[in-house]
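Notes for the one structure printed next.
The values are calculated or read from the model by the stated rules, or taken from the named source; none is laboratory data. Note that the coordinates shown come from a computational prediction; the quantities given were computed from them, not determined experimentally. Glycine gets a Cβ as well: all are built from the backbone with ideal geometry, and neighbour counts include every protein chain shown. Just so you know, the surface numbers come from the protein's heavy atoms only, side chains and all, with ligands and any DNA or RNA stripped out. Shrake-Rupley method; radii C 1.70, N 1.55, O 1.52, S 1.80 Å.
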Amino acid sequence: DDQQHPQEEEEEGEIQQEEETRDLDDSNSNDENDDEKISRIDGIGLWNAFTRNFSSPLLAVFDLLDNAFDAAPSGDNGHIHIDADRDDENNVCGIYMINNCQHRIKSIVDVLTVYKSSKGDANDAIGENGVGVKQGCATLSNLSFVLSRNNYTFSIGVVAFALQKHSGIYLPSFEFTWTPDIINTLQSSQSQSQGQSQLNSSLQNFLSGQLYTICNKDKAVGQVIKTFGGGKVASGVRRLMLHFYRMTRDLWSFENNPHVFSLVIHNLKHGQVLDQHQHDEFSSRETRQNNHVVKGFLSQIHEKLPKHYLHVAHSFDFQVGGKRVHFAYWQRRLCEMAKFTVVIDKKDPLDAELLQLYARDKVPDHDYHTLNVYLGFDAMRCGDKNIKGNKCATIYYHSRRAGRLIKHHRDARGELCLSSGGTMYCQGLTIIVDDSAGALPLNPTKQDFAFGEKTHGETWLWNMKLWIAGITKVYYNHHLDNYDGLKKTLTAHVEALANKAQVLIDDDEQDFNSIEECGFSYFKGMNWKYNPTNVSLQLNNRKDCKIHLGEDVLMRLPPKSAITKIQGKSSPRNAIKSKSKSKSTSKSLSAIASASASAPKRAPSTSAKRRMGSPKPSSSSRSDSSISIPRAEQSTKRRRLADGVSVVVGNDVLLLNDVVILEYKESLAKSNEALAKSNRARGDLELDRDQKDEKIEDLIEALNDAKNARDGLLHDLESKDEQIDELEMALQEVKDKEDNSAANADLQNENDQLKKRLGEVLVQLEIAKM
């Protein structure tokens, strides 16, 4: 660059001299061009207003990305890249975004014009690059550059706090066109590579020359470019030239993408760009031995993007820091995902009559729209033991107009007027509301809804919440009934899927369809009724409601039949029963042995005498029809012996036909039967205990609801008392005014009488004078 621009040092010196003589005082500015370039709005005040529009820096980035998604082609042809911006010494000093556009990019002059938006041209307009770019850039940094390329025409806009004045806001932009002789250059070169190298060099010289011209014509912009270059105009020009040059190379070349847009955001206000490894001095000694990672801004964007955008195709090329972003966030985390589609009336409140009309498909001539609602249990959130209260129902609102997440409530039970006591509507229950019709009104920064601007906005919002609450109850109660109403069992099975969910999240190789393209479970036979008592939607008959399992549900809860079968084989309760039975059997055998030893000896049979008289046989010579049970092994031998088999107990040999053995067998059978009854009774007691625990939880919930109702009534009573006090005060003021008016009437009468007397006196005086 130094060789290509020998006049660089002289130009930089001239700029520095003119900067010293430039009057920065607003009152002394006599530049005639300012009247044309500066909008008559308080520039500094408007800039400060820009920086307060977003509740977090990530939302400002997402607002900029909304424009990029709207402008980029869909599917495989769409490309959005975000990466760190580096200076000449390879130090990270900001970020840049670049995306291709399906259509020609509007003029940067229009993009940076204050209070001008393309969204006002049509009701269904979403916007394009540049809409909201001013407030997004101002939130993230005090200096940003807006770059665009339409074929061979380049444009640059400057969004800088240093250019703003109280007398007006200044957002300058410049445009220039490169007209290369491509054919002659390639033909005159010895090879195509050499010709291409000459064209690249010509483009770089052209871009650098145009940027130097801008610095000379507009000294204020030249100062901003100097700041961008770390105090050197040459460095600032070179960096901007390289950003323009990137928009013409490889993926962004003239042949592949004729329309390219880019944002260069210098020196972020919030945090670091890249991850940092830091020591935690307040941790334990073992922890301080290892560095922990502080997530940078790029990592935060990469992590939060999939959660905020539902409908990005898996083939869309979105990269952050050179790493591709994989969407389909909820499909990897939620088990038993189901989809509901409801109709929301914008004007009339939902009641029984209107509900029947919708059920008969006789929709009145009302203004309404459809709404998609997805539900599932978040296995990762349910299994997170580190965060308390992290399992309650959470709701997320997505807008198709904005293309991303608008707002969410961590505890949706209060939002939807659901029971909030105990663990009801918990287990990581997640509700995703997708405004597929793009009908819900949004505020300008797309961080909340704007129902207040609608005539029947309050009714519209209430109808939406009423439907969401109704289908949430249907979904939750269906899965809770699958486990006999035991919330602990449902929680355990959801937590058991956390490992599988983590495997799906870590699988970067597999791509999933967007949430709208997936076939999730859905419910049939839902006949709704309106309950005016508690103002809610309910099913006429829950038994008629059946679920149809979707083929794209990646994680399922075990069905009730499978759980019962598993519990019958190896449940803890059955294990306790078998263990108790084993102990009982061993005790019975021990009792048999001790009773046999202490019982009076009977006359043994002939075969018994023969065995008793003979020496003790070895294990090899002992008859196959006799079994010896040593005392140490009696607890483990529970095999039923056939009749005619002798049993050796100590030194006695008894036959199972003997009366004593038969009595022992009967007592053993009775003891086993008694033990079985006690185990059954124990199981019934445990079941009763579980049911009582559930009833206690329900009573606690009812008590909490009653308490909340009582608090509400007390609050209403207090407000009514205040109203009564105000009415009494107003009544007293009226009485005081009436008393004052009566007193004023008396004074008026007295005044009239005095005037009359005074008149009479004056007449008498006149007569006396005459």
For the condition surrounded by fewer than 19 Cβ atoms within 10 Å (Cβ to Cβ) and without any contact (Cβ under 8 Å) to a residue 12 or more places away in the chain, what is the one hit in Gln510, Gln502?
Gln510
Going residue by residue through segment 288-297, is there one that turns out to be at pLDDT below 90, in contact with a strand residue (DSSP E or B) (Cβ under 8 Å, 6 or more places away or on another chain), more than 23 Å from Gly519 (Cα to Cα) and part of a loop (DSSP other than H, G, I, E, B)?
yes
Qualifying position, being modelled with pLDDT of 90 or more, assigned to a strand (DSSP E or B), open to solvent by 10 Å² or more (accessible area, probe 1.4 Å) and closer than 25 Å to Arg401 by Cα, among Gln300, Gln319
Gln319
Flag for Lys707 being of a type outside the set (Phe, Trp, Tyr) and either modelled with pLDDT under 80 or open to solvent by less than 80 Å² (accessible area, probe 1.4 Å) (or both)
no
Is segment 146-158 home to any residue that is at pLDDT 90 or above and touching a Gly at 6+ places or on another chain (Cβ under 7 Å)?
yes
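Out of curiosity, is Ile724 surrounded by 10 or more Cβ atoms within 10 Å (Cβ to Cβ) and either among the β-branched types (Val, Ile, Thr) or in contact with a Pro (Cβ under 7 Å, 6 or more places away or on another chain) (or both)? Show your work before the answer.
Numbers: surrounded by 10 or more Cβ atoms within 10 Å (Cβ to Cβ): yes; either among the β-branched types (Val, Ile, Thr) or in contact with a Pro (Cβ under 7 Å, 6 or more places away or on another chain) (or both): yes.
Spelling it out, Ile724 is indeed surrounded by 10 or more Cβ atoms within 10 Å (Cβ to Cβ) and either among the β-branched types (Val, Ile, Thr) or in contact with a Pro (Cβ under 7 Å, 6 or more places away or on another chain) (or both).
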Being open to solvent by 20 Å² or more (accessible area, probe 1.4 Å) and within 23 Å of Ser55 (Cα to Cα), is that true of even one residue in segment 389-397?
yes
With respect to Ser148, is the statement that it is of a type in the set (Ser, Thr, Tyr), farther than 30 Å from Asp76 by Cα and surrounded by 15 or more Cβ atoms within 10 Å (Cβ to Cβ) true?
no
List every residue pair whose Cβ atoms lie under 9 Å apart, where the two residues are 6 or more positions apart in sequence or sit on different chains, the first residue falls within segment 432-455 and is in contact (Cβ under 8 Å) with a residue 40 or more places away in the chain, and the second residue, located anywhere, is among the polar types (S, T, N, Q) and surrounded by fewer than 17 Cβ atoms within 10 Å (Cβ to Cβ).
Ser436/Thr341; Ser436/Thr370; Ala437/Thr370; Ala439/Thr370; Thr445/Ser55; Gln447/Ser55; Phe449/Asn443
Which of (1) open to solvent by less than 80 Å² (accessible area, probe 1.4 Å); (2) at pLDDT 90 or above; (3) over 23 Å from Phe327 (Cβ atoms); (4) not small (Gly, Ala, Ser) is the odd one out, the single condition Asn256 does not satisfy?
(1)
If you go through Lys707, Lys665, Lys735, Lys756, the only one that is assigned to a helix (DSSP H, G or I) and either under 47 Å from the mean Cα position of the chain (by Cα) or aliphatic (A, V, I, L, M) (or both) is Lys707
Could you please tell me which pairs satisfy a Cβ distance under 6 Å, a separation of 6+ or placement on different chains, a first residue in segment 535-553 that is basic (Lys, Arg), and a second residue that is at pLDDT below 90?
Lys546/Gly525
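For segment 471-488, state whether one or more residues are among the charged types (D, E, K, R), at positive phi and surrounded by 14 or more Cβ atoms within 10 Å (Cβ to Cβ).
In the first step, residues of segment 471-488 are kept if they are among the charged types (D, E, K, R); the result is 473, 481, 484, 487-488.
Cutting the leftovers down to at positive phi gives us 484.
Among the residues that remain, those that are also surrounded by 14 or more Cβ atoms within 10 Å (Cβ to Cβ) are: 484.
Checked against the condition, which is being among the charged types (D, E, K, R), at positive phi and surrounded by 14 or more Cβ atoms within 10 Å (Cβ to Cβ), segment 471-488 yields at least one hit.
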Can you name every residue in segment 513-534 that is in contact (Cβ under 8 Å) with a residue 60 or more places away in the chain and either in a strand (DSSP E or B) or within 20 Å of the chain's Cα centre (by Cα) (or both)?
Asn513, Ser514, Ile515, Glu516, Cys518, Phe520, Ser521, Tyr522, Phe523, Trp528, Lys529, Tyr530
Of the residues in segment 85-113 that are assigned to a helix (DSSP H, G or I) and among the β-branched types (Val, Ile, Thr), the one that is surrounded by the fewest Cβ atoms within 10 Å (Cβ to Cβ) is Val109
Phe62 - would you say it is under 29 Å from Lys307 (Cβ atoms) and in contact with a His (Cβ under 7 Å, 6 or more places away or on another chain)?
yes
Residues of segment 355-387 being under 33 Å from the mean Cα position of the chain (by Cα), modelled with pLDDT under 80 and not polar (S, T, N, Q), in sequence order, are Leu355, Tyr358, Ala359, His366, Lys385, Ile387
Looking across segment 429-447 at residues that are of a type in the set (Val, Ile, Thr) and closer than 12 Å to Tyr397 by Cβ, the single one that is surrounded by the most Cβ atoms within 10 Å (Cβ to Cβ) is Ile431
